[in-house]
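Written below as structure tokens is the structure these notes are about.
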Amino acid sequence: MGRVIAVANQKGGVGKTTTAVNLAASMAATRRKVLLIDLDPQGNATMGSGVDKYNVATTAFDLFVEDKPVDEVLVHCEAVKYDLIAANSDVTAAEIKLMEVFARETKLRRALEPVRDKYDFIFIDCPPSLNLLTVNAMAAADAVMVPMQCEYYALEGLTALMDTIEQLAAVVNPELSIEGILRTMYDPRNRLANDVSEQLKNHFGNKVYRTVIPRNVRLAEAPSFGAPVMYYDKSSTGSKAYLALAGEVIRRAEEAQKAAKSQAAQA
Ligand code: ADP
Ligand code: MG
């Protein structure tokens, strides 16, 4: 059964899209079957996967509003070895039209049902807000991954975000767990970043991924080539970090599976 992970943080510019794209590519490179869903109307994950958002035939709009079956909406991206549900400005309209849809919060979850088993991992790149699209992502996901920058005030924002996720989960998806907190754009020479990182570990313990994503210009450059960083500069620190993260996410998924099995055996 595929594990669905929503990459979310209502703050913009924290590395959600960079993480979704590069984690998807790293997973696919280790022969996992991966689907990446772009739910941000900016379509950055779409472009970053090498798909032209201005010329794509189908987007998440078709899934949410047109009721097209998921296998007619996704596109296989040969170059990056994963499947993609694209986004562009049409998805803004989807967010508005969703208001009128029956059981609007669980639309994505129901739409994904037929393909969930075909993938090892499904990643959802969320928009930088807590709108109905993000709510759909939370309802469809098994777990949430929260990328964050180790800045002043980061902890405050994070605690608020965790509360929001928990409240949301209680309503739309009680099974939802926080999969992990990912430190992004990390500069180890920055003392404040180190302090915040320490506080983060004290506060959230093993919820914090051991893998740290360094600030790396290659990660910022890769999207302009329409490619995940591993196809742009494989030896970069950014590329290596996302491969390491993929390994950690796989281990966590296996642990979660084991825990679920032993729980089922006890019941
Ligand atoms: P979000 O999706 O949360 O808005 P992005 O992934 O788009 O954030 O990242 C915001 C900006 O920061 C982008 O220009 C991206 O290329 C850049 N960026 C993201 N992660 C890194 C990193 N580790 N090192 C350097 N630049 C990064
Ligand atoms: Mg983004």
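Quick look at the numbers
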{"read-out": "Every residue from region 112-168 that is in a strand (DSSP E or B) and either among the aliphatic types (A, V, I, L, M) or surrounded by fewer than 17 Cβ atoms within 10 Å (Cβ to Cβ) (or both)", "value": "Ile122, Ile124, Ala143, Val144, Met145, Val146, Met148"}
{"read-out": "Unmet criterion (only one of (1) within 16 Å of ligand 1 (Cβ to nearest atom); (2) assigned to a helix (DSSP H, G or I); (3) buried (at least 22 other Cβ atoms within 10 Å of the Cβ); (4) among the hydrophobic types (A, V, I, L, M, F, W, C)) for Leu182", "value": "(2)"}
{"read-out": "Qualifying positions in region 123-152 - hydroxyl-bearing (Ser, Thr, Tyr) and more than 16 Å from ligand 1 (Cβ to nearest atom)", "value": "Tyr152"}
{"read-out": "Residue check for Lys68: surrounded by fewer than 21 Cβ atoms within 10 Å (Cβ to Cβ), on the phi < 0 side of the Ramachandran plot and not polar (S, T, N, Q)", "value": "yes"}
{"read-out": "Given (1) surrounded by fewer than 13 Cβ atoms within 10 Å (Cβ to Cβ); (2) farther than 14 Å from Glu179 by Cα; (3) among the charged types (D, E, K, R), index of the condition Glu255 fails", "value": "(2)"}
{"read-out": "Positions within region 98-111 being surrounded by 15 or more Cβ atoms within 10 Å (Cβ to Cβ) and in contact with a Leu (Cβ under 8 Å, 6 or more places away or on another chain), in sequence order", "value": "Leu98, Arg104, Glu105, Lys107, Leu108, Ala111"}
{"read-out": "Helices (runs of 4 or more DSSP H) (entirely within region 1-67) containing at least 2 residues that are in contact (Cβ under 8 Å) with a residue 12 or more places away in the chain and more than 16 Å from ligand 2 (Cβ to nearest atom)", "value": "16-29, 60-64"}
{"read-out": "Every residue from region 1-58 that is basic (Lys, Arg), touching a helix residue (DSSP H, G or I) at 6+ places or on another chain (Cβ under 6 Å) and either closer than 18 Å to Leu108 by Cβ or at pLDDT below 95 (or both)", "value": "Arg3"}
{"read-out": "Search result, residues across region 32-50 that are within 14 Å of ligand 1 (Cβ to nearest atom) and among the small types (Gly, Ala, Ser)", "value": "Gly43, Ala45, Gly48, Ser49"}
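Condition check ((1) surrounded by fewer than 23 Cβ atoms within 10 Å (Cβ to Cβ); (2) under 21 Å from Leu161 (Cβ atoms); (3) more than 15 Å from ligand 1 (Cβ to nearest atom)) across all residues:
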| position | (1), (2), (3) |
| --- | --- |
| Asn9 | no, yes, no |
| Leu23 | no, yes, no |
| Thr30 | yes, no, yes |
| Asp52 | yes, no, yes |
| Leu63 | no, no, yes |
| Cys77 | yes, no, yes |
| Ile85 | no, no, yes |
| Ile96 | yes, no, yes |
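The values are calculated or read from the model by the stated rules, or taken from the named source; none is laboratory data. In this text the structure is predicted, and so the values were computed from the model without any measurement. Every residue, glycine among them, receives a Cβ derived from its backbone with ideal geometry; neighbour counts consider all protein chains shown.
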